1. Stretch residue 1-residue 56 to full length: gain in nm at 0.36 nm per residue minus the Cα-Cα span?
2. At what distance in nm do the modelled label points of residue 138 and residue 452 sit from each other, each positioned 7 Å from its Cα along Cα→Cβ?
3. Beta carbons within 10 angstrom, averaged per residue: use that to sort the peptides 436-442, 185-191, highest first.
4. How charged is the neighbourhood of residue 371? Take every other residue with its Cβ under 10 Å from the Cβ of residue 371, and add Lys/Arg as +1 and Asp/Glu as -1.
5. If you count, for each residue, the other Cβ atoms within 10 Å and average over each peptide, how do 477-489, 382-394 line up from highest to lowest?
6. Using unit Cβ charges (K, R positive; D, E negative) and no other charged atoms, how large, in debye to the nearest 20, is the dipole of the chain about its Cα centre?
7. Alpha carbon centre of region 269-299 versus region 161-227: separation in Å?
8. What's the exposure ranking of 357, 59, going from fewest to most Cβ atoms within 10 Å?
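Bear in mind that the values in this text are calculations on the coordinates, not laboratory data. Treat the numbers as computed from the prediction; the structure is a model and nothing was measured. Using ideal geometry, Cβ is built from the backbone for each residue, glycine included, and neighbour counts are taken over all protein chains shown.
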Amino acid sequence: MPRKVDFLVVGSGIAGLTFATRSASYGKVLVLTKKRKADSNTNYAQGGIAAVFGPNDTFNMHINDTLRTGAGLCHKDVVRIMVKKGPSLVKELYHMGCRFSLNSHGKFDLGQEGGHSRRRIVHARDHTGQEIERVLLEEIKEKGIELSENEVVLDIIVVDGECRGVYYLDTNKKKIDVIFANAVILATGGAGQLYLHTTNPPIATGDGIAMAYRAGAKIANMEFVQFHPTAVYNINIDGRAFLISEAVRGEGGILKTKDGKPFMKKYSPLGNLAPRDIVARACILEMIKTGSKYVLLDLSHLKSGYIKKRFPTIYETCLEWGIDITREPIPVVPAAHYICGGIMVNSWAESSLKRLFALGECAFTGVHGANRLASNSLLEALVFATRAAERIKEITDIRPMKRIKLNPARVGPNLKLVIKELMDRYVNVIRSEKGLEQARHNIEDYEKKFAEGIHIINAESRNMTDVAKLIIISALKRKESRGLHYLMEYPEPDARYKKDTIIVRENR
Ligand SMILES: Cc1cc2nc3c(=O)[nH]c(=O)nc-3n(C[C@H](O)[C@H](O)[C@H](O)COP(=O)(O)OP(=O)(O)OC[C@H]3O[C@@H](n4cnc5c(N)ncnc54)[C@H](O)[C@@H]3O)c2cc1C
């Protein structure tokens, strides 16, 4: 008889772990994660977590910065919830043992990042995510919550229009299994691996979004893919480009062309601290103009001791690759970083499919609108995972199910590289309708290679195909330029498109 738990959490980043630690007193929680427990986007977050602590900061200022960056598409009520809940939850993390950097008065040493009108980034030097992940994993252990590694969740079980559990691949036993649950909580992170240049680790293949889409849940705003303007050029570890945090520009780093000319003032009065979409487009345009494959990020004018103390990971990693950032500029390129769209949820993290919740980067809560404000994503995950745990108390038991008819097991092709090349070429920072149409044509061809059923081999390729299709179709629907979505034929925002792009799978 298949196993049953109360709450099945998929993913062990900030979202999944926060939910698990906060819901454990309401029922049996099981966390499944597809690689090792700390393999997550969370573990790589450098900059920090945005929250109102500064003496001259207010909730309204943080709300307004978020709304301005979101270019008219943020859901204001949800932004307000996130911003107001932020400080108490960040303090809780601190009291749980997160070693956030403090100033000489023993208060949080608040960093500055692009799009923020105040210093409000709580950080643990430049490895904030790693510190949060460490503390949450300790809490999981202390509370005796079951966490199982190397379990790849493949698809969601839907019976009578509601989610009843998942199919998953136990990679140790090499066997597909089923788990029933009163609620499934998807916290599977982002989809940066759809692109050649990405800051995301290999786990970020959009699995949760693809699974929810196939299960019939609503998916929203997938056209808004955030490219981080400054990833180190051409140096990849595990297919991941090393990120140079926005905080580097916050502390005075300057973007320059290959021949050393600063250029950001031409593109925005905010200069190097303009929102990421503007900075990423400016970098691409300057690379085209100068015929260069990268631009430069220079912080060598700052004091060497300060650089080493404030950015130890960046300093040491660059040094390993022969770049001494205290003396010379870093060659950088924009790289896929964050997906603003995802599984559409309400402010309690409930998706449109009963008993299916979504949290963190795979969810669409509406807080980011057309562009994410820096360091709002860890905050979003923390706040809505906590709210989901409050809501989960009310979940009723599913009717016991003795058995389930297994969908046929399938083997699909490995299309990872083909998809990355397609997305890089046609669905990048600057898009055209013609390019998007070509991309749609190709992706519909790839889609046919994956028959209905549970894909056990190359499941990630199938997920990447589905997510690529969602991004392409959403981008084609939005005939304007807004936030992260820039379409050459329609370079301005158009009031008729001041709404979310919602997609539900047809023919089910
Ligand atoms: C380099 C980098 C720097 C960043 N810096 C910042 C920052 O300074 N501030 C900020 O706010 N945000 C930052 N972000 C974004 C932020 O880190 C992420 O949005 C956030 O950590 C996402 O958390 P999550 O819990 O939703 O997903 P993740 O942390 O990515 O966790 C996803 C989990 O799901 C698991 N999983 C995925 N698919 C499956 C499956 N099929 N079966 C089982 N398990 C699965 C993964 O293995 C992983 O454990 C950064 C991101 C990157 C990549």
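1. Numbers: separation 55, 0.36 × 55 = 19.80 nm, distance 5.90 nm.
So the extension gain works out to 13.9 nm.
2. 5.0
3. Details: 436-442: 16.9, 185-191: 32.9.
Result, highest mean Cβ count within 10 Å first: 185-191, 436-442.
4. Numbers: positive: 68, 276, 372, 482; negative: 277.
Result for the neighbourhood of residue 371: +3.
5. Values: 477-489: 19.5, 382-394: 21.5.
Packing order, densest peptide first, comes out as 382-394, 477-489.
6. Values: 75 positive and 57 negative charges, 89 e Å.
The dipole magnitude comes to about 420 debye.
7. Centre-to-centre distance over Cα atoms comes out at 32 Å.
8. Details: 357 29, 59 13.
Result, fewest neighbours first: 59, 357.
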